[in-house]
Each structure stands twice: as C-alpha cells, then as structure tokens.
Amino acid sequence: MAIRKIRTQGDRVLEKVCKPVSEMSDRTIELIEDMIETMYEAEGVGLAAPQVGILKRMFVIDVSEEGNDPIVFINPEIVATDGEQNGFEGCLSVPGKSGLVTRPNYVKCRYQDASLTWQEIEGEGLLARAILHENDHLDGHLYVEKVEGRLYDNSELQQEDAEQEG
Ligand code: NI
C-alpha cells in the first residue's frame, strides 16, 4: 500500500467525468487500498478516485468515530434523497478551507462493493453528506460550487464546526 498524492483545486483532473469500473483488476484493488490509506493519513472522512488522479467511478468513506470502518463505493448511483441539512463542509482537495453547504439529510445509494457485488446503503447526516460530496467528485464537481457565502479558513472556525471531508 502507498500514500497517493492528493490533487488540489485547479488541477483539471478534478473537473472531469469519471468512467465506470467494469472489472476488478489487481491495479484497482491496489488503488482501493491506497485510497483508504491516503484518506486516513490525510484525516479525511472520504476520498474519491479523481482526487488521486484516477478517473474511475469509485470512492471510499469512513464516518466511524474510530476511523476503522471504511466503505468502498464502486459505480455508485444516488437512488433517493430526502430532507435537508445545512452545515460546514470541507474537502481534501481544497486544503484548510470550509464552507456552508445545504444538502439532503437522507440518501439511499446503490453501489458495487470491492467484489463488484451490488449493495444498497441508506445514510443520514454526515454519512449522507459524505456520499453526496464524494459522488459529486465523480462528475467533476467540488463542494465550493455549492457554498453559501464565502469559504472560511479552518482557523477561523471552531474545530467542532469544521468537518474535514473528502
Ligand atoms: Ni472532496
């Protein structure tokens, strides 16, 4: 496993639409392992493949308190959303910044796991926010497009208000 370089805002790879994953090759398995390790090393709760320069429809998320329960999403599809949440959001590709983003509070997502078996997950709150944030990356979108008001430096915010995401 290896830590991969996280691309930052302005890198055109973050603006591209990613391609579906059709088979689980050794390279893709290695990519998944590296993405999980890179997410933990950067202390994020999510990381999408384009953030490490790979234009594939996959991301990893871990919103557990212990940070030891990663979920691998491959070819995800948002099948339902409901409600609304408004809160600070950040991104490993926009380091040191946060902004207020309104998103659905509930999401249902269909995705393939690391063995390409279809799964379905329902999430609320932070998990819903993380799934939607990461899914946006796969279509070349960053949360900064959705920010209400201005971007804040994390040093301006109370630590408990700033969620570092993917
Ligand atoms: Ni992000």
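Overview of values
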| quantity | calculated |
| --- | --- |
| Inter-centroid distance (Cα atoms) of the stretch 95-109 relative to the stretch 26-58, Å | 19 Å |
| Modelled FRET efficiency - R0 30 Å, residue 43 with residue 22, Cβ distances, 0.05 increments | 0.40 |
| Under 20 Å from the Cα of residue 146 - lysines, other chains or at least 8 residues apart | 16, 97 |
| The chain - mean residue ellipticity at 222 nm from DSSP helices (-39,500 (n - 2.57) per run, n ≥ 4, rounded to 500) | -6000 deg cm²/dmol |
| Accessible surface, per residue, of the chain when the full set of protein chains is kept, probe 1.4 Å, Å² | 50 Å² |
| Paramagnetic label zone (point 7 Å from Cα along Cα-to-C-beta, residue 2; backbone N under 11 Å) in the stretch 41-60 | none |
| Net charge, residue 83 excluded, C-beta distance under 15 Å - Lys, Arg +1, Asp, Glu -1 | -1 |
| P(r) histogram, all alpha-carbon pairs of the chain included - 5 Å bins from 0, percent | 2, 9, 19, 23, 23, 15, 6, 2, 0 |
| Cα long-axis angle, helix 26-41 against the chain (0 to 90 degrees, to the nearest 10) | 20 degrees |
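The values are calculated or read from the model by the stated rules, or taken from the named source; none is laboratory data. Computed from a predicted structure; not experimentally measured. Glycine gets a Cβ as well: all are built from the backbone with ideal geometry, and neighbour counts include every protein chain shown. Side chains are part of the model used for accessible areas, which takes the heavy atoms of the whole protein and leaves out ligands, DNA and RNA. Shrake-Rupley method; radii C 1.70, N 1.55, O 1.52, S 1.80 Å.
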